[in-house]
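First the structure, in the form of structure tokens, and then the observations on it.
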Amino acid sequence: DLTNDHVLDDQEQAVEKSLRPQTLSQYIGQTKIKHELQVYIQAAQKRQEALDHVLLYGPPGLGKTTLALVIAHELGVNLRSTTGPSIDKAGDLVAILSELQPGDVLFIDEVHRLPKNIEEILYSAMEDFFIDIVVGQGAEAHAIHYPLPPFTLIGATTQAGQLSSPLRSRFGIIEHLTYYNTTELTQIIQRSATVLNVTITLEGAHELARRSRGTPRVANRLLKRVRDFAQVAGRQEIDAPLVSSSLQQLQVDSAGLDQTDRKLLQMMIQLYHGGPVGLKTMAVNIGEEQETVEAVYEPYLLQQGFLKRTSRGRMVTSKAYQHLGLPVPDQNGA
Ligand code: ADP
């Protein structure tokens, strides 16, 4: 499962933590975002103010959480971390906000899944650093006014489109994380290999990078699996042929597509003559949530040119037919 890294034991969590870069200079790729953040961070520090609120969006595993940690580290402040769906009472939010020190970062992952009433409380917290909460009922009801220290909210989402416009407009800095290129992923894999204390050749790292769906989390996960294959085979060094044979066993193909990616394309071809197919139909036919198809599978297939969007739905491209070894249908009909 590409989206899930929440079920890790303590040892795995420690490894995960050590794989995360801590400073902007260790953070590989996303060059434009890094340059912009560097300026905003320096300016905020010069003015001795909290950094403006930041919205990070893009597919899972591209480094949004990591970037939030890096920003807090660069600012020299604490980071409090929570998720949208886990805050369900106003009191939960008040408790979190009241613990913040001036300038601290509050990181909210899956910010598009904040309950509506909580989101509304956040508006004044973000804009003017206070919250008003109504307590008691009937004649007893009265508002309590809580002033807050200036803080920076960093929100992360895979679904920017699902964010309400009042919430979105309160983020001064909005950054879109995009898939990493092979050179960047090669560097990330080399750094992770050093952290994990494994030896990988440049060609090996490059082959793994090419087949990691443009995603650091996938690259790190595959590196760990290839390390297992190397260990069992008694190999001291991971080279390109070992990467290839390991990935073949893991059913990750030469283009980096996994079983679900291929299932999606095959289903569209077999059941719908290549489309157009709506997102909901795609999701139902491969047994995934619509949100997962939209946030995880579709963006990469679009970016790689295996799918294209039309006004009537998604269509499989001739590149996808060729990749799956199927005859390309007559283009006139498509
Ligand atoms: P997201 O929050 O976008 O789902 P994460 O921040 O959890 O993604 O990143 C997933 C993994 O990928 C982390 O373990 C991190 O070590 C690694 N990673 C992400 N971005 C980078 C990067 N730019 N450089 C190095 N490693 C990265």
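Computed from the coordinates by the stated procedures, all read-outs in this text should not be read as laboratory data. Everything numeric here is computed off the predicted structure, so don't read it as measured data. Positions of Cβ are backbone-derived with ideal geometry, glycine not excepted, and every protein chain shown enters the neighbour counts.
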Just want the ordering: Ile118, Ile108, Ile28, from fewest to most Cβ atoms lying within 10 Å of their own Cβ. Ile118, Ile28, Ile108
Can you pull the three principal axis extents for the Cα set of segment 1-143, in Å, largest first? 57, 42, 24
What ³J(HN,Hα) values, in whole Hz, does the Karplus curve 6.51 cos²θ - 1.76 cosθ + 1.60 give for segment 227-236 when θ = phi - 60°, with x put for Gly and Pro? 4, 4, 4, 5, 4, 5, 7, x, 9, 7
Where in segment 23-82 are there GluC sites (Glu not before Pro) that are in a DSSP coil and have at most 12 other Cβ atoms within 10 angstrom of their Cβ? none
Taking only Cα atoms, what is the 0 to 90° angle, nearest 10, from helix 31-47's long axis to the longest principal axis of the chain? 20 degrees
With Cα springs under 10 Å, the Gaussian network model of the chain assigns the largest mean-square fluctuation among Gly313, Gly136, Gly274 to Gly136
Binned at 5 Å starting from 0, the alpha-carbon pair-distance distribution of segment 227-334 in whole percents comes out as 2, 11, 21, 20, 15, 10, 8, 7, 4, 2, 0
Compute the long axis of helix 182-196 from its Cα atoms, compare it with the longest principal axis of the Cα atoms of the chain, and write down the angle in degrees, 0 to 90, nearest 10. 80 degrees
In the chain, taking the dipole from +1 charges on Lys and Arg beta carbons and -1 charges on Asp and Glu beta carbons about the Cα centre, the listed residue (Tyr27, Leu324, Ser311) farthest towards the positive end is Leu324
Determine, for Val105, Val328, the number of other Cβ atoms within 10 Å of each Cβ, and report the residues in order from fewest to most. Val328, Val105
5 Å is the cut-off here: which amide hydrogens, built 1.01 Å from N in the peptide plane, fall below it relative to Leu307, excluding neighbours closer than 5 in sequence? Leu302, Thr317
Note to self, the chain gives a 222 nm [θ] from helices alone (DSSP H runs n ≥ 4, -39500 (n - 2.57) apiece, / all residues, nearest 500) of -13500 deg cm²/dmol
Suppose the chain between Asn78 and Gln159 were pulled fully straight at 0.36 nm per residue; how much longer would it get relative to their current alpha carbon spacing? 26.5 nm
Would you please give the residues with an amide H less than 5 Å from that of Thr199, counting only those at least 5 places away or on a separate chain, with H modeled from the backbone geometry? Ile238
Highest GNM mean-square fluctuation among Thr310, Thr194, Thr152, for the chain with Cα springs under 10 Å, belongs to Thr310
For the chain, projected area of the alpha-carbon convex hull averaged over all directions, nm²: 20.4 nm²
Looking at the chain as a GNM with Cα springs under 10 Å, which of Glu294, Glu207, Glu99 has the largest mean-square fluctuation? Glu99
In Hz, Karplus ³J(HN,Hα) per residue of segment 268-274 (6.51, -1.76, 1.60; θ = phi - 60°; x = Gly, Pro): 5, 6, 6, 8, 10, 6, x
Can you give me the Cα centroid spacing of segment 115-168 and segment 45-78 in angstrom? 20 Å
Testing the spin-label approximation: label points 7 Å from Cα along Cα→Cβ at Glu140 and Gln251. State their distance in nm. 5.8 nm
Taking a straight Cα-to-Cα line shorter than 28 Å from Lys116, and setting aside same-chain lysines fewer than 8 residues away, one finds Lys64, Lys89, Lys280
D (µm²/s, integer) via Stokes-Einstein for segment 93-227, Kirkwood Rh across alpha-carbon pairs, 20 °C, 1.002 mPa s: value 118 µm²/s
Between helix 240-249 and the chain: long-axis angle, C-alpha atoms, 0 to 90°, nearest 10: 80 degrees
Per-residue HN-Hα couplings for segment 114-123, Karplus 6.51 cos²θ - 1.76 cosθ + 1.60 at θ = phi - 60°, whole Hz, x for Gly and Pro? 5, x, 4, 5, 6, 4, 5, 5, 5, 3
Sorted by chain and number, the residues with a modelled amide H under 5 Å from that of Phe107, at a separation of 5 or more or across chains, are Arg80, Ser81, Thr82, Ile154
For segment 13-63, alpha-carbon Rg and Dmax in angstrom: 13.1, 37
